[in-house]
Every structure is written in C-alpha cells, then in structure tokens.
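Colleague: Okay, handing you the structure first.
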Amino acid sequence: MSFWPLIKILPVRTNFRFVDFAKYAGAISIVAAIASLALVLIPFKGPCGGLNCGIDFKGGTVLEFSTAPKIVDLAKVRAALAEKELGDFRLQAFGDNTGAMVSFQNPPGRDANAAKSEIRREIERALGTVKFTNDATVGAKVSGELFTSGIMALLVAIALMLVYIWFRFELQFGLGAVVALFHDVLLTFGLLAFTRMEFSLTTIAAILTIIGYSMNDTVVVFDRLRENLRKYKKMPLREVIDLSINETLSRTIITGLTAILALGGLAVFGGEALFGFSVIMMFGIALGTYSSIYVAAPVILLWGVKRGEEEATPITFGAASRP
C-alpha cells in the first residue's frame, strides 16, 4: 500500500529554527536542573539525601537458596513476600535459574534473625523443599562505599566523554557535550527523587546507558555541524547549527522512537523488576535528544568555533534569537 511504511509520513527535510528558542529552552533547563538538584540533596542526610536508596546503598541481609533440579518460581516467592509486607526486598535468579537470591532490609524494631526466619518460612511455603545455601549481612559502611563508587563511575564516564569529544572535535565541542551530559544525569536524578523510584545499582546501569545514548546523539549532530562548518564557511554560525540539527532530525526521531517503543514493551510486560529501569531509560532517551539540540548546540553558539584558518567570533546568548 502506498501509505506504508508509516515512517514515510516524516518529512525528509525540515527547516525548524531551533536556535530562535535556545534562550527559552536554556532558561527551562536551568530551572529544571536547580529543582532536580534541590530534590536530590534535600534533606541533607546520608547516604542518599532525597533519593530513595535501595538495599544496595542502605545495607541489609542477603539469602541465597536453591530448588535444584527445578527452576525457581520467582513469581510465587515475590507474591509470598509481598503479602507479608516485609519491607523493601529484591529477588533475582542466578546460574541456571535453579538458584535465587533475596535481599531485604531488616524491618525497624525487629530482630534480624527473626526476620531471616520469617522470610525462610515464606519461601518454603511458596516453593516447598528449598535448600538455603548462604546468608550474609551488608553493613551501612559497605553500602556507603558502594554508593560512592557508583557516583564516581558516573563522573568518570562523563570525564572520559569529554576527552573523547575533545580529541575528535575541539574543546568547545567537548564542553558542550559534557554540559549536556550533566544536564541529562541531573534531571534523571531529579525524576528519581520526585517519583521516589528506587535508586540502586540497576539505576546506575540505566544512567550509564543514558550517558552513552546521549553522547551518541550529540556526536551525530556535532559531526554534521563540523562538516557543514567546512562546507558553508560564510554562513552565520546560528544558521549552520540550525541546518545541522535539521539534517539529522529524522535520524534522531526514528532512533529515539524505536528505542522508546522497545522499552515501553519492557515496562508493560517486564514486571515490577524492570519497570523502573525501563521508565528511566525512556526518560533519558527523550532527554538526550532534547539536550543534543538545546543544550550541547547552544554551548557551541556561545563559545564559537574555528572555521578554516579563522576562528569564529563567539555569539552572545542574547543574539541567539532572530530580531
């Protein structure tokens, strides 16, 4: 049929004036970043401030058990533990799925050994014969070190991205990319604090993935921008930026929508364990697309770039909109 595929409804070429709205988008981004920072830091108490830390960063007890040779029915165990309102817990299989691990925080005011015994009983009630292979307690100190290591991993990833863009393009491109990455990470943390979604090692993995996606999208725009700067040496920088974004827009939309549709299915059918991860990823992908257009590119506009043998005069932020 002539109207299929539906992707053909997207225009091949667009001529949006993105730079005209740069100062308004910048103001919104600054307000959102400040609000996110406030949500994350307030109240000022460890280990996670305003974030809803999971077991990974608060500490707790880990029980490992096996139902070999049968596969562990995680749904039954999760339902049994949820009925008892034992508090925050995490359940996951490992190996050949005949073994599993449940991590939980000791409910306030209750003896740790009594909590272990109750969870063992609930697991046996749900699964029948179960062999408990190991149990361990993760203290607050270890969890605090884990939290620090996770944040350091994010900062190192951003620093390495700066070095990569600096060598591939120019320093101002690298600064634009890093500002966009900090913007994306900070607003993602703001989402976590606002919605009270659990902040865990899985969340760290999601944010690292968002950093990679955002950087990939920014590199595509920057690569086209560098090419157009060489091609249109007399064109004003603002117009070259608009041209470059428009030329990569259809690719950005198609890639982003494809990823969001896949993650949407994962959020709906992946169960509670994958819901938070999927929502964070969808938010981060949309945010990465926005930041490559309205955060990274305006930094280039403000800083100026080298064009051939001459260096472009930096444009003030107020000049970002057309008269």
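Nothing in this text is a laboratory measurement; each read-out follows from the coordinates by a stated rule. As the structure is a computational prediction, the values presented were derived from the model and not from experiment. Note that each Cβ is placed from the backbone with ideal geometry, even for glycine, and that neighbours are counted across all protein chains shown.
Colleague: If the chain between residue 98 and residue 76 were fully stretched, how many nm would it gain, using 0.36 nm times the residue separation less the Cα-Cα distance?
Modeller: The residue 98-residue 76 span can extend by a further 6.5 nm.
Colleague: Here's something else I'd like to know. Give me the net charge for the shell around residue 64: Cβ to Cβ below 10 angstrom, other residues only, Lys and Arg +1, Asp and Glu -1. Write out the running numbers ahead of the final one.
Modeller: Details: positive: 131; negative: 135.
Within the 10 Å Cβ shell, the charges total 0.
Colleague: Say each of residue 167 and residue 62 gets a label point 7 Å from the Cα, pointing the same way as Cα to Cβ; how far apart are those two points in nm?
Modeller: A separation of 3.5 nm, rounded to one decimal place.
Colleague: Sticking with this one: Are any of the pairs 23/233; 76/131; 23/234 more than 22 Å apart by Cα-Cα distance, and if so, which?
Modeller: Result: 23/233; 23/234 exceed 22 Å.
Colleague: Let me ask something else. Could you give the nm distance between label points at residue 42 and residue 205, where each point is 7 Å from its Cα heading toward the beta carbon?
Modeller: 3.4 nm
Colleague: Full extension from residue 23 to residue 262: what is 0.36 nm times the residue separation minus their Cα-Cα distance, to one decimal in nm?
Modeller: 82.7 nm
Colleague: Between residue 227 and residue 196, what is the spin-label point distance in nm, taking each point 7 Å from the Cα along the Cα→C-beta axis?
Modeller: The answer from the label model is 4.9 nm.
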